Amino acid sequence: MEKVWLFALLSAIVVSLISFIGVFLLSFRQQALKKVLVLLVSFAVGALLGNSFFHLLPEAYFHIHEISTTAWICIAGFLVFFILEQFLHVHSDKKSGGESIKNYGYLSLYADGIHNFTDGILIAVAWMFSPEMGLATTLTIVLHEIPQEIADFGVLLKAGFTRKKALLYNFVSACAAILGTVLTLWVGEQVNDFSVYVLPFAAGGFIYLAATSLLPEILKETSKKNYWLYILCILLGVFAMYYFSASGGHSHAH
């Protein structure tokens, strides 16, 4: 059991450190970075939708016998994020470097935190099942997180965070994977049902974030010249999530 704890925690830490992949974006000049941001946000929309419809919801439907239950939990996630955004809109006027932080930046952190927490649960359950499953799950999540974290970093910059704060907050959100791993290892098999019910809730939050918060930001920058480019980036995000979920590394691991 000690080896399970060791390898599971190491896996969660590696997954969390991927959040710093956004460091390479810091080498971009300000003007070039602004152009890249919209493309990253477009990719994020596709990644969020792809992750929801190709990974989270299929996993939930597979494990939750009542189809309507999965649907209701997904809707609940959508509505909770709607309420959360309204709360943030009313109560937060936070500033960063003299610029307002847009609400969807905080929503992105919360949604990504739930997603990373779920990844941590999957990592722990896989390592408890077998070393082979643990390693396969970790590798798949790493591959899955690379495009996701790049997109998340872009979303935070677009929302108005400074580069340093975007890296810091994205890392803190990524550390939810460690929390999910520790909690699952501690509770053991009893947490399995909990992990299953978290999946459709996170999917609902991702769908809300992509459709109502990020897409409007893309539309503000859309013109006839770049219209197809943004669509292409969205599709790339969708296909990236489809590819990594179809690889089967942690499908039905729990």
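The values are calculated or read from the model by the stated rules, or taken from the named source; none is laboratory data. Predicted model only: the values in this text are computed from it and were never measured. Every residue, glycine among them, receives a Cβ derived from its backbone with ideal geometry; neighbour counts consider all protein chains shown.
Go through the stretch 237-251 and give me each residue that's at pLDDT 70 or above and surrounded by fewer than 21 Cβ atoms within 10 Å (Cβ to Cβ). Result: 238, 239, 242, 243.
Note on the stretch 1-67: enclosed helices (runs of 4 or more DSSP H) holding 3 or more residues that are modelled with pLDDT of 85 or more and buried (at least 20 other Cβ atoms within 10 Å of the Cβ) are 2-17, 30-51.
Screening the candidates 166, 176, 211, 111 for the property of being buried (at least 24 other Cβ atoms within 10 Å of the Cβ) and at pLDDT 85 or above yields one hit, 166.
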